[in-house]
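Here the structure is laid out as C-alpha cells; the discussion comes afterwards.
Coordinate-derived values only; no laboratory data. All values reported here derive from a predicted model rather than from experimental measurement. Using ideal geometry, Cβ is built from the backbone for each residue, glycine included, and neighbour counts are taken over all protein chains shown.
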Amino acid sequence: MEYRIKALNRGNENPTALRDAGKLPGVVYNRKENYKVVVDLKEFNKVFMAAGIHHVITLELEDGKTVDTLVRQINLDKRRRRPDHVDFFALSDEPVLMWIPVKIVGTAQGVREGGVLQLVNNDVQVKVSPKNIPPYIEVGVSELRIGDSIHAEKLLLPEGVKLSMNARDTIVAIVPPEDAEKLAAQAAAAPVEVEVIKKGKIEEEK
C-alpha cells in the first residue's frame, strides 16, 4: 500500500503561524540534503496513523517531484497534545536503519498448557535497502513451551535484511500466568509520557 502526503517548501514563515493555520512544519534530510517543508496537519495525522514509522511515506513536492521518506521523529505540543514538528528521512539506494513490526505466527504449545505469550519487543531493528523493506518480521511460536523464549538472533530474516539490535534481546516468551499478571500490573502502574517518537532519529546522517 502506498502512503502519500502533499508537501510545500517552507521558507521563512513563522512556525507558530503555520501551526495556527492547521499546518505542520517539518524537515526532510539525509546525508546529502536538508530542507524545510510544511504539510497539512490533518492529512499527516491520517497518513501517519496508517503508516507509522514502519512504512515509506512519499512526499509530493510542489515542483512535481516526489521523495520517499520515513518519519524519524515527531515533536508534540504538550498543551495541545498534537504534533508540532516532524522529521522526514529521505531515502536513497543506501541501506537504512529502521524498526520492523513483529508478526506472531502460530499458537504456542505453552499457551495451550496454560501459559501466556509475552511479546517483549513489538519491533525489530534492522538495516535494509529501501527497496527490500519487509512489512513485518514473522516469528513462529508453535513449538514454544512455558519458560521458552525466542531471542533476536534466532529470527528468520528475509533476504537482504540484517539484524541491527542486541542479538540476545528477547522478542517473545511464554510465561506462567502468575508472572504475566505481575508484569501487567507493573506496566499499568508505570507512568506514560510520550513527547517524541523514541524509535526514530537514528544515525544515518553520521
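Amide H to amide H distances under 5 Å link Val37 with Arg10, Gly26, Val27, Val28, where only residues 5 or more positions off or on other chains count and H is placed in the peptide plane. Separation of region 125-154 from region 82-99 is 22 Å, based on Cα centroids. Does region 89-165 classify as rounded, prolate or oblate by the C-alpha gyration tensor (a ≥ b ≥ c root eigenvalues; a/c under 1.5 gives rounded; else a/b over b/c gives prolate, otherwise oblate)? It comes out prolate by the Cα gyration axes.
Computed from Cα atoms, the angle from the helix 41-51 axis to the main principal axis of the chain rounds to 30 degrees. With R₀ fixed at 22 Å, the C-beta to C-beta distance from Leu61 to Arg31 puts the FRET efficiency at about 0.70. Helix 177-189 and the longest principal axis of the C-alpha atoms of the chain enclose an angle of approximately 30°.
For GluC sites (Glu not before Pro), the sites in region 1-60 that DSSP calls loop and that have at most 12 other Cβ atoms within 10 Å are Glu2, Glu33.
Multiplying the residue separation of Lys154 and Arg4 by 0.36 nm and subtracting their alpha-carbon distance yields 50.5 nm.
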